[in-house]
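Have a look at the structure below before the remarks.
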Amino acid sequence: MDPAGLRPTNYCHVLALPYPGRGHVNPMMNICKLLVSRQPDILITFVVTEEWHGFIGSQSKPDNVRFATLPNVIPSELVRGEDFSGFFEAVFTKMEAPFEKLLDRIDQQQPVSAIIADTYMAWAVDVGNRRNIKVASLWTMSAFVFSTLHHIDLLERNGHFPFELSERGEEIVDYIPGLPSIRLADLPTIFYGSGKKVLHRALESVSKVSKAQYLLLSSVYKLEARIIDTLKAEFPFPVYPIGPTIPYFDVKENSLTTRSPNGLNYLKWLDSQPSGSVLYVSLGSFLSVSRAQMDEIVAGIRNSGVRYMWVTRGDTSRFNDGRFDTGIVVPWCDQLRVLCHSSIGGFWTHCGLSSTLESLYAGVPTLTFPIFWDQVPNSRQLVEEWKTGWRVKKPETGAENLVTRDEISELVKRFMDLESGERKEISKRVEELKKICQAAAAESGSSITNMDALLKDISHA
């Protein structure tokens, strides 16, 4: 932290504290970029671990967003997936003390006006309350998922928790305020099986929101209006939907140089493809499917003959047989920019919320392949509620079954047939939701209006 960058004490100083995971750090940074675009004299201190600073410290950001670091008291991001419950527990038990020490130093140099903390950094609410600093809790999943956790008592009262998916997955839940009727199988995966190892911490996080001063939802109001209105009625403080949490003013930049393994710049490769012809494939940055299932996915997509652009970290040996005639593989890309490219005709996604909202913002239909946590209900919303995609398979209520390469190949060919009636139907629907998402993020849109309201309040704190 550079003392030379300090501002006069009458400036609004916001401390941003994301949960240490890619799907949380990125939305928080995007919100910070938006905040300074709305109020240029704001100062934001973005707090991450030393490891995460190494990952993102060199990325472009406004000058008045500065980094401050915490020691690496939690397991590395590189092994987070090997013991997720252990990582989650470490975040809850090992980060609060060093955060308070850091806050002591920061607050002495430049008093903090407000803290924006990821909801899963639950202890940050207590820290803010002890110091009389307003806390805005940022929920980076859907309002749907928040409401299911917030109303766990209703599930218990109606005999729907605890449950085992294999026995009761088809049972209907129709009593959670604001939510449509859903199956137990559509709930987040932390409600059953091994997911329950972290459920108590997720519930603790959601319950702690009631002691914050604001709830920020990474949702678009018109997409989840009934749920959001219900939450607004249940909390005694402002509930602001501010999604989609995307880099609003970075979409037009053309500074990328990332290349695929066959030496192509992926943007130039996309430029050379016919309109709507490419299937973009990304299964997220954290958890992955089994090796056997991944083999089937790779073979199925390649056997379909459809053009593809695949983002995958780590082992790419499955692709190294010399056949790159219909697609390219890259270790990273600017996903929103790719989705907005005219050659992209579909998105195979694990259904993290960021990917879900980016697909809608870009107007790209989806093939959903959820793996964990909120991805299952996000898939349900895309397919059943918003009708902008197809499932690769229906969520299983029994044992895990492989989707074969032949099934995948046939599905991909049908999905990417832009002239078919069923494909035209979802394309028309996703264009409608594209307008809704882009309107929310536009000047005077619901998300921008909410962000301005938050800024006005914390600036006068």
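The values are calculated or read from the model by the stated rules, or taken from the named source; none is laboratory data. Keep in mind it's a predicted model, so treat the numbers as computed, not measured. Virtual Cβ from ideal backbone geometry, glycine too; neighbours counted across all protein chains shown. These accessible areas exclude ligands, DNA and RNA; they are computed on the full protein's heavy atoms, side chains included. Shrake-Rupley method; radii C 1.70, N 1.55, O 1.52, S 1.80 Å.
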| note | Within region 104-144, residues part of a loop (DSSP other than H, G, I, E, B) and either modelled with pLDDT under 95 or over 15 Å from the mean Cα position of the chain (by Cα) (or both) come out as 110, 111, 112, 113, 121, 122, 131, 132, 133
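For region 422-461, enumerate the residues that are part of a loop (DSSP other than H, G, I, E, B) and either open to solvent by less than 20 Å² (accessible area, probe 1.4 Å) or in contact with a Lys or Arg (Cβ under 8 Å, 6 or more places away or on another chain) (or both). Give the derivation first.
Pass one, region 422-461, residues part of a loop (DSSP other than H, G, I, E, B): 442-445, 460-461.
Passing the criteria: 445, 461.
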| remark: Within region 82-115, the count of residues that are of a type in the set (A, V, I, L, M), buried (at least 17 other Cβ atoms within 10 Å of the Cβ) and touching a Pro at 6+ places or on another chain (Cβ under 9 Å) comes to 2
| Any pair with Cβ under 6 angstrom, 6 or more apart, that starts in region 337-348 at a residue that is open to solvent by 10 Å² or more (accessible area, probe 1.4 Å) and ends at one that is assigned to a strand (DSSP E or B) | 344/278; 344/280
| Yes/no for residue 395 being farther than 18 Å from residue 246 by Cβ and at pLDDT below 95 | yes
| message | Could you go through region 206-215 and let me know if any residue there is surrounded by 14 or more Cβ atoms within 10 Å (Cβ to Cβ), under 27 Å from residue 34 (Cβ atoms), touching a His at 6+ places or on another chain (Cβ under 6 Å) and modelled with pLDDT of 95 or more. | response | yes
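Counting only residues that are outside any helix (DSSP H, G or I), open to solvent by 30 Å² or more (accessible area, probe 1.4 Å) and either of a type outside the set (Gly, Ala, Ser) or over 16 Å from residue 230 (Cβ atoms) (or both), how many does region 150-188 have?
Of the residues in region 150-188, the ones outside any helix (DSSP H, G or I) are 151, 158-164, 169-183, 187-188.
So of that shortlist, the ones also open to solvent by 30 Å² or more (accessible area, probe 1.4 Å) come out as 158-159, 161-162, 164, 170-172, 174-175, 177, 180-181.
Right, trim to either of a type outside the set (Gly, Ala, Ser) or over 16 Å from residue 230 (Cβ atoms) (or both) and you get 158-159, 161-162, 164, 170-172, 174-175, 177, 180.
Of the residues in that region, 12 qualify.
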| task | Report yes if some residue within region 37-50 is basic (Lys, Arg), under 22 Å from residue 354 (Cβ atoms) and modelled with pLDDT under 90; otherwise report no. | result | no
| field | Residues (within 17 Å of the chain's Cα centre (by Cα) and part of a strand (DSSP E or B)) located in region 345-366 | value | 347, 348, 349, 366
| query | Checking residue 30 against (1) free of Cβ contacts under 8 Å to residues at least 40 places away in the same chain; (2) out of contact with any strand residue (DSSP E or B) (no Cβ under 9 Å at 6 or more places or on another chain), which single condition isn't satisfied? | reply | (1)
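Do the conditions hold for residue 99, that is, is it over 21 Å from residue 43 (Cα atoms) and either not polar (S, T, N, Q) or not in a helix (DSSP H, G or I) (or both)? Outline the logic, then answer.
Details: over 21 Å from residue 43 (Cα atoms): no; either not polar (S, T, N, Q) or not in a helix (DSSP H, G or I) (or both): yes.
Here the answer is no, as residue 99 does not meet what is asked.
What are the residues in region 6-27 that are among the aliphatic types (A, V, I, L, M), at pLDDT below 95 and within 21 Å of the chain's Cα centre (by Cα), if any? Break it down stepwise before answering.
So in region 6-27, the residues among the aliphatic types (A, V, I, L, M) come out as 6, 14-17, 25.
Of the ones still in play, those that are also at pLDDT below 95 are 6, 25.
25, the sole residue that qualifies.
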| field | Residue ID - surrounded by the most Cβ atoms within 10 Å (Cβ to Cβ), chosen from residues in region 360-370 that are modelled with pLDDT of 95 or more and in contact with a Pro (Cβ under 8 Å, 6 or more places away or on another chain) | value | 360
| So how many residues does region 344-378 have that are among the β-branched types (Val, Ile, Thr) and farther than 25 Å from residue 172 by Cα? | 4
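Mind checking which residues of region 63-79 are free of Cβ contacts under 8 Å to residues at least 60 places away in the same chain, closer than 20 Å to residue 40 by Cβ and open to solvent by less than 30 Å² (accessible area, probe 1.4 Å)? Don't jump to the end; show me each part of the working.
First pass over region 63-79, keeping only residues free of Cβ contacts under 8 Å to residues at least 60 places away in the same chain: 63-65, 69-79.
Of the ones still in play, those that are also closer than 20 Å to residue 40 by Cβ are 63-65.
Matches in region 63-79: 64, 65.
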| said: Yes or no: region 398-421 includes at least one residue that is touching a residue at least 40 places away in the same chain (Cβ under 8 Å), open to solvent by 10 Å² or more (accessible area, probe 1.4 Å) and among the aromatic types (Phe, Trp, Tyr). | reply: no
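Quick one: would you say residue 92 is aromatic (Phe, Trp, Tyr), closer than 30 Å to residue 186 by Cβ, out of contact with any Leu (no Cβ under 9 Å at 6 or more places or on another chain) and assigned to a helix (DSSP H, G or I)?
Working: aromatic (Phe, Trp, Tyr): yes; closer than 30 Å to residue 186 by Cβ: yes; out of contact with any Leu (no Cβ under 9 Å at 6 or more places or on another chain): yes; assigned to a helix (DSSP H, G or I): yes.
Yes, satisfied.
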| Taking residue 342 and the conditions (1) within 20 Å of residue 435 (Cα to Cα); (2) outside any loop (DSSP other than H, G, I, E, B), which numbered condition does it fall short on, given that it satisfies the others? | (2)
